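Visitor: After the structure tokens below, expect a handful of questions from me.
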Amino acid sequence: MSELQISLLGIGVAVVLIIYIYNWLQQRQYRRKFGAAFKHGHEDALYRPAAEMPPDELLVEKIEQAVPDSILPNEPQRGHTLDAVCGLLDKETDYIVVISPKSPVGADTLTLLWQQRFDFGKNVHACGLNAVSGEWEKVIADSPSAYTSFKLALQLVNRSGAVSEAKLMDFRELARMIAAQLHISVVLPDVAKTATHAVELDKFCAGVDQMIGLNILPGDKHILSGNDVARVAEQYDLHLQADGAFHLVDTHGHTLFSLCNEDNTPFQHHTLSQLHIDGLTLLLDVPRVEQPTQGFDQMVVLAQRLANELHATIVDAHHVALSEGSIMLIRERIATVETDMRANHIIAGSAQARRLFS
């Protein structure tokens, strides 16, 4: 074998290994994101078996009649404009330090922040009061404007939990150092009280953080391929995204529902023809969807239409056909979550909710 042949063989092996490792990493990332939504080892009120209730499509038909065709697959009934980051900052959701220089300064004043902003485990935002416009705006490292005041904010909660008191202390010290460089005094919020509040906020968020899944199970004699799923998904404007799921999005690009492989295997364009599907799951991320109770009604209709196209049945996590009682139970739970969030001044699907539930 010549040196050229050996070199080509080595390159071929390397390419195969790179593709294998890339696919493995993609699947690992997908499982981390969606794995918790498909664990069947415990009883969940949202997925209670309907063994004592006969399968009933009456409620689905009623919902379908009540939901205009224009909602599926077109735009939602109501959209909203994204609030700017600076307008979302609040002491209830962020640890905020206000720094006001003696004269207007540029973004390079926050060099320490740009160097350490990824060290706190939560989102860090910098907003500046523009010296010319007199309005607050997001500041980044290369912002060209001059500012008369800054708000430095550390988000208290996301889906990974509450910020720790130690991280709050680190952020407080960072803000103090920036103020010291400007030779000004600064009022620093109490870290212990903020940490206690962060734990309470996280507890509330965990209590309303619901991911609702409707499973779509093909008949015993019907084998689905990835191409079958992709074809039907495209028909209802569900498009494959980088996370390995098909998404239906609103006019702002926010996901309304996602369609996933029930066994957590991500869909990928180059493997669709080789992929055999045992079941699908249509997901509704309750806190991140506007008007989630109405969204669930739309999801039931979409699930029924997908099931009809794929010669499948809508079932719960235990593969028991969903009954009218089961659907109503899920809907009532979502309505409770929506009400609880509103009572705590966090509106489902709002920009603030998407921050906290990210």
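Visitor: What shape does region 82-121 take by its C-alpha gyration tensor, where a ≥ b ≥ c are the square roots of the eigenvalues and a/c under 1.5 counts as rounded, a/b above b/c as prolate, and the rest as oblate? Walk me through the numbers before you get to the answer.
Guide: Numbers: a/c = 1.85, a/b = 1.26, b/c = 1.47.
Oblate shape, in that a/c is at least 1.5 and b/c is the bigger or equal ratio.
Visitor: Subtracting the Cα-Cα distance from 0.36 nm times the residue separation, let me have the gained length for S164 to I223 in nm, one decimal. Present the calculation step by step, with values, prior to reporting the outcome.
Guide: Details: separation 59, 0.36 × 59 = 21.24 nm, distance 4.87 nm.
Separation in residues times 0.36 nm, less the Cα-Cα distance, equals 16.4 nm.
Visitor: What does the charge count around F120 come to, taking other residues whose C-beta lies under 14 Å from its C-beta (Lys +1, Arg +1, Asp -1, Glu -1)?
Guide: Numbers: positive: R117, K122, K167, R172; negative: D94, D119, E165, D170, E173.
Here the charged neighbours net out to -1.
Visitor: Anything over 22 Å Cα to Cα? Flag those among K91/K167; K102/K122; K151/K203; K91/K193, in the order listed. It would help to have the intermediate numbers written out before the result.
Guide: Working: K91/K167 16 Å; K102/K122 30 Å; K151/K203 26 Å; K91/K193 11 Å.
Beyond 22 Å between Cα atoms: K102/K122; K151/K203.
Visitor: Debye calculation, C-alpha points only, no solvent: report log10 I(q)/I(0) for region 92-188 at q = 0.17, 0.23 Å⁻¹, in the same order as the q values.
Guide: One equal scatterer on each Cα of region 92-188 leads to -0.71, -1.22.
Laboratory data are not the source of any read-out in this text; all were calculated from the coordinates shown. If you're wondering where the values come from, they're calculated on a predicted model, not measured in any experiment. FYI the Cβ positions are ideal-geometry reconstructions off the backbone, even for glycines, and counts take in every protein chain you see.
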